[in-house]
């Protein structure tokens, strides 16, 4: 079964009530996180009318953008933070795209993003402080470059920032046995599992 | 951190053992061999394995061959479940698209756009382009650039892609495709006196401490089966 409709219906039923200041871990089937992101973004941006930030840790943001456009989902009020697309991709600039150097330097990544979230225009011309949520796609993509402890520190800092600024935080992953997921589980308000047959 | 490396099982008995559990995800893998070495069967086995596990597959054929013809020949293999075709395994004819755009400006971008649209429609974890080498005769000058773009595009869509390549008698494998691939698997059907014997060799697999050298293989109605350690 292939389709965005079934996926979105299930996501909407289960995640529509999420509120600011909440952290949700979303477990996706292998290789389906991009499509889950697209479905979630449409619900948050277009159904709930929340401006937000998409943080891409493993793929250029253009893939998400194209997938949203292909499905007819608007993304005018979405800011992209792209940690991958700076190298080797045709799109180098975009007014709602903030390129940050690689997922292999998590302290730089955190410092840059947190300053952007605080509205620091030197870091980003994009006002991210008014955004109500961020979606991080996905935590398994950074395990190749970083030790689990480093990733846990990075995500814990993110969670603190998210809670202090009352943002809704969504973090995607697919490996429930990873030490990162195990460490984060206790911090999450909800752990949500996306089923294989929703596609 | 190797245990964190996500892999997709190949579905070919013996091969996962050679690859530390399967193909790295995401990646593009060249499966190369001469005529009759079983490249298409190998690819269909890979997609069928995914379909059984609920993973979506996308099969691009660069020949203008309707699905039923491909299925007619493939259905002799026991691993083929016809119910999967059109559902868990989508079959897309790339041949007509290549013909349509071959002489036009921006043809490679248009072909890649078609591939991307098919991916966005089906959301696959497993992709096959069979055979990729036919495109070489069309993009004579920009073939390598096209292959690089295709390879990058496919990886960015987060899938494991098998690119099958026809090998000419004068070359060990299609060099242009090899440059852009994360892995190279060679299929042999070698003549020994009056009989032929099949072998499989993993020449390259990034991020993987793979088994090297020629490994004996069978191609029967069960599909491909490799016997690691038997040379």
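The values are calculated or read from the model by the stated rules, or taken from the named source; none is laboratory data. Only a predicted model underlies this, so the values are computations on that prediction, with no experimental measurement involved. Every residue, glycine among them, receives a Cβ derived from its backbone with ideal geometry; neighbour counts consider all protein chains shown.
Exactly one condition in (1) part of a loop (DSSP other than H, G, I, E, B); (2) surrounded by fewer than 21 Cβ atoms within 10 Å (Cβ to Cβ); (3) touching a residue at least 12 places away in the same chain (Cβ under 8 Å) is false for residue B:208; which is it?
It fails just one condition, (2).
Within region B:17-36, track down each residue that is over 13 Å from the mean Cα position of the chain (by Cα) and under 26 Å from residue B:176 (Cα atoms).
Within region B:17-36, B:18, B:19, B:22, B:24, B:25, B:26, B:34, B:35, B:36 meet the criteria.
Go through region B:46-73 and count every residue that is in contact with a strand residue (DSSP E or B) (Cβ under 9 Å, 6 or more places away or on another chain), part of a helix (DSSP H, G or I) and modelled with pLDDT under 90.
Qualifying residue count for the region: 3.
Consider region A:159-182. How many of its residues are more than 14 Å from chain B (Cβ to nearest Cβ), surrounded by 14 or more Cβ atoms within 10 Å (Cβ to Cβ) and assigned to a helix (DSSP H, G or I)?
Within region A:159-182, the subset more than 14 Å from chain B (Cβ to nearest Cβ) is A:159-171.
After this cut, where a residue has to be surrounded by 14 or more Cβ atoms within 10 Å (Cβ to Cβ) as well, the list is A:159, A:161-163, A:165, A:167-171.
With assigned to a helix (DSSP H, G or I) added as a condition, the list becomes A:159, A:161-163.
Qualifying residue count for the region: 4.
Condition first: within 25 Å of residue B:9 (Cβ to Cβ), assigned to a helix (DSSP H, G or I) and in contact with a strand residue (DSSP E or B) (Cβ under 9 Å, 6 or more places away or on another chain). Now tell me which residues in region B:75-97 satisfy that. Show your work before the answer.
Of region B:75-97, the ones within 25 Å of residue B:9 (Cβ to Cβ) are B:75-92.
The next check asks that each one be assigned to a helix (DSSP H, G or I); those that pass are B:82-84.
Listed by number, the list holds a single entry, B:84.
Of the numbered conditions (1) surrounded by fewer than 21 Cβ atoms within 10 Å (Cβ to Cβ); (2) part of a strand (DSSP E or B); (3) within 14 Å of chain B (Cβ to nearest Cβ), residue A:191 fails exactly one; give the number of that condition.
Going through (1) surrounded by fewer than 21 Cβ atoms within 10 Å (Cβ to Cβ); (2) part of a strand (DSSP E or B); (3) within 14 Å of chain B (Cβ to nearest Cβ) one by one, residue A:191 breaks only (3).
Just wondering, is there one or more residues in region A:22-30 that are in a helix (DSSP H, G or I) and touching a helix residue (DSSP H, G or I) at 6+ places or on another chain (Cβ under 7 Å)?
no
Taking the condition of being facing chain B (nearest Cβ under 7 Å) and in contact (Cβ under 8 Å) with a residue 24 or more places away in the chain, how many residues in region A:56-70 meet it?
So the answer is 4.
Name every residue in region B:98-137 that is in a loop (DSSP other than H, G, I, E, B), under 20 Å from the mean Cα position of the chain (by Cα) and more than 14 Å from chain A (Cβ to nearest Cβ), in order of residue number.
B:131, B:132
With at pLDDT below 90, more than 14 Å from chain A (Cβ to nearest Cβ) and over 25 Å from residue B:85 (Cβ atoms) as the only criterion, which of B:168, B:186 stands out?
Selected residue: B:168, the only one of B:168, B:186 that is at pLDDT below 90, more than 14 Å from chain A (Cβ to nearest Cβ) and over 25 Å from residue B:85 (Cβ atoms).
What number of residues in region B:1-45 are part of a helix (DSSP H, G or I) and within 14 Å of another protein chain (Cβ to nearest Cβ)? So that I can check it myself, show each step before the final result.
Taking region B:1-45 and keeping what is part of a helix (DSSP H, G or I), we get B:2-4, B:15-18, B:39-45.
Filter once more, so that each one left must be within 14 Å of another protein chain (Cβ to nearest Cβ): B:2-4.
Residues that pass the stated criteria total 3.
What about residue B:177, is it more than 21 Å from residue B:16 (Cβ to Cβ) and in contact (Cβ under 8 Å) with a residue 40 or more places away in the chain? If you could, list the steps in order and put the result at the bottom.
Values: more than 21 Å from residue B:16 (Cβ to Cβ): yes; in contact (Cβ under 8 Å) with a residue 40 or more places away in the chain: yes.
Yes.
Confirm whether residue A:53 is in a strand (DSSP E or B), away from every other protein chain (no Cβ under 13 Å) and within 13 Å of residue A:137 (Cβ to Cβ). First the steps, then the outcome.
Numbers: in a strand (DSSP E or B): yes; away from every other protein chain (no Cβ under 13 Å): yes; within 13 Å of residue A:137 (Cβ to Cβ): yes.
Spelling it out, residue A:53 is indeed in a strand (DSSP E or B), away from every other protein chain (no Cβ under 13 Å) and within 13 Å of residue A:137 (Cβ to Cβ).
Just for region B:138-164: of the residues that are under 21 Å from residue B:107 (Cβ atoms) and in a strand (DSSP E or B), which one is farthest from the other protein chains (Cβ to nearest Cβ)?
Ranking the qualifying residues of region B:138-164, first place goes to B:163.
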